[in-house]
1. Restricting the first residue to segment 160-183 and requiring it to be open to solvent by 60 Å² or more (accessible area, probe 1.4 Å), which pairs with a second residue that is part of a loop (DSSP other than H, G, I, E, B) meet a Cβ separation below 9 Å and a spacing of at least six or different chains?
2. Kindly indicate whether any position in segment 145-153 is open to solvent by less than 70 Å² (accessible area, probe 1.4 Å) and either of a type in the set (Phe, Trp, Tyr) or within 19 Å of Pro211 (Cβ to Cβ) (or both).
3. Within segment 324-414, considering only helices (runs of 4 or more DSSP H) that don't extend past its boundaries, which have at least 3 residues that are without any contact (Cβ under 8 Å) to a residue 24 or more places away in the chain?
4. Taking the conditions exactly as written (surrounded by 21 or more Cβ atoms within 10 Å (Cβ to Cβ), at pLDDT below 95, in contact with a Ser or Thr (Cβ under 8 Å, 6 or more places away or on another chain) and of a type outside the set (Phe, Trp, Tyr)), does Pro406 satisfy them or not?
5. Are there any pairs with C-beta distances below 8 angstrom linking a residue in segment 113-124 that is within 24 Å of Ala212 (Cα to Cα) to a residue that is open to solvent by 40 Å² or more (accessible area, probe 1.4 Å) and among the small types (Gly, Ala, Ser), with the two at least 6 apart or on different chains, and if so which?
6. Residues being in contact with a strand residue (DSSP E or B) (Cβ under 6 Å, 6 or more places away or on another chain) and either at pLDDT below 95 or surrounded by fewer than 17 Cβ atoms within 10 Å (Cβ to Cβ) (or both): count how many of those fall in segment 409-432.
7. Could you please find all residues in segment 259-277 being touching a residue at least 12 places away in the same chain (Cβ under 8 Å) and open to solvent by 30 Å² or more (accessible area, probe 1.4 Å)?
8. From the residues in segment 185-218 that are touching a strand residue (DSSP E or B) at 6+ places or on another chain (Cβ under 6 Å) and basic (Lys, Arg), which one is nearest to Ile69 (Cα to Cα)?
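The values are calculated or read from the model by the stated rules, or taken from the named source; none is laboratory data. Since we're looking at a predicted model, the values are computed, not measured. Virtual Cβ from ideal backbone geometry, glycine too; neighbours counted across all protein chains shown. Please note that ligands, DNA and RNA were not included when accessible areas were found on the heavy atoms of the full protein model with its side chains. Shrake-Rupley method; radii C 1.70, N 1.55, O 1.52, S 1.80 Å.
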Amino acid sequence: MSRGGFHLPPVDTVVVSVSPGEIRAAALRDGSPWDLLIARDHRPDRTGSIYLGRVRRVEPALAAAFVDIGEGEAFLPLRGGAVHEGQAIPVQIVREAIAEKVAEASMRLTFPGRRLVLTPGRPGVAASRRIADKAERARLQAIVKRLATPAEGVIVRAAAAGCEEDGLATELRHLRDLLTAVQGAAGRAAAPCRLHRDLPPLLRWLRDEVPAGVERIVVDDGTTLSALRAEAGRLGLPAPERHAGAAALFETHGVEAEIDSAAPGEAAPLPSGGRIWMDRTRALTAIDVDTGAGTHHGRQADALAAANAEAAVEVARLVRFRGISGLIVADFAGAPAGAAAEHLHATLSAGFADDPAQVRILPVSQLGLVEMSRERLRTALPDLLGAETTALAALRAVVRAGPVKPVLTVSPAVAALLGGALAPARGDAERKLGGSLGIRSTTNIAPDRFTISNGEI
């Protein structure tokens, strides 16, 4: 924390861990994990993919329609547009289905690259406000205006900062090729069907959510390493390297511990000795800041301000890392007011400076509460924890341990998953082990625990 306030450090390292049924990746800033991706094989993510859908029904009261995309149904906000039942329309998935909600689609198609986004049907050139240097923003806009046709719409992304014309021209040609391919497929296809599949989740996360300036990408899987090396240049990323340490990659960088701490009832510690509690309900996420003994050092007002500023940075990090979205209310210590409240708000805002999700933060209230809202990009980490996470952790652990005749002892819920939805992941583990994996189900083990042993079931 500098005297001028908190400045969000850049992402310096990305760590990618691959295990049976799952890919996990984390973005680190000064050694601390700030952003997390968890992609599970049995839960395909269609975000960004384009379909020729057929309107199943229109709901005027919702100003929306439900569209059959051939892989289920999608919710389509109309936002001034008009469609009719039975109509075939191209749509793009903007949010994957979650819990009881179906996927959300849009008729405003976009073709994103690392540096540019092509927006057909919406002509004009715009640049991301996250390019802080106004001169650089103007330079990039001038270049793209020369490259784009009058009918094309192009957004210059923050990752374009520092790029020269040749690189931008190459990416724009690639995006045009994608658009042409989709238009051609739509002319030949019969609805409902998929017209374009976007990049896999890991590459899409690196393209869209990881800021420019990454120095290292460390991967613990050879196949994924090769795939990333093939795409790194096009995405403006450094050449990935293979993890060489004896300890697991996520354990080495403290990511595994951060994931474990997201379990309900766990508090996140603050460096000064305080704690942060997060409680999620259907309506909102409540955050309570307990400054602990840190406020008893020095002048009370100064100590409270320093403790709240420290907590604000950690609140931003935890919200981002855990993927918390919707309405969030944070209760800071001592009802900060005046300059202290302004400093707290500025510090919290700085923690979300390059957040790919849209965030709105209201000023500190008279009761010391901060209300904010955050866009949902994917399922929140706490919602992923449970029997499924335990099952995948067990497979990861048994592959790493490599016993001769492995047997996993798990709860009935975990055993059911390993014999059902996660059977392909179990098969992947067995291929890595070079033999069968025994599963022993017992009610004498907690749902979030497992044991590994050698021998027959």
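1. Thr170/Arg234; His174/Gly113; His174/Arg234; Arg176/Glu152; Gln183/Pro120
2. no
3. 338-351
4. yes
5. Arg114/Gly236; Arg115/Gly236
6. Of the residues in segment 409-432, the ones in contact with a strand residue (DSSP E or B) (Cβ under 6 Å, 6 or more places away or on another chain) are 409, 412, 415, 418.
Now drop any that are not either at pLDDT below 95 or surrounded by fewer than 17 Cβ atoms within 10 Å (Cβ to Cβ) (or both), which leaves 412.
So the answer is 1.
7. Ala263, Pro264, Pro271, Ser272, Gly273, Arg275, Trp277
8. Per the criteria, the residue is Arg194.
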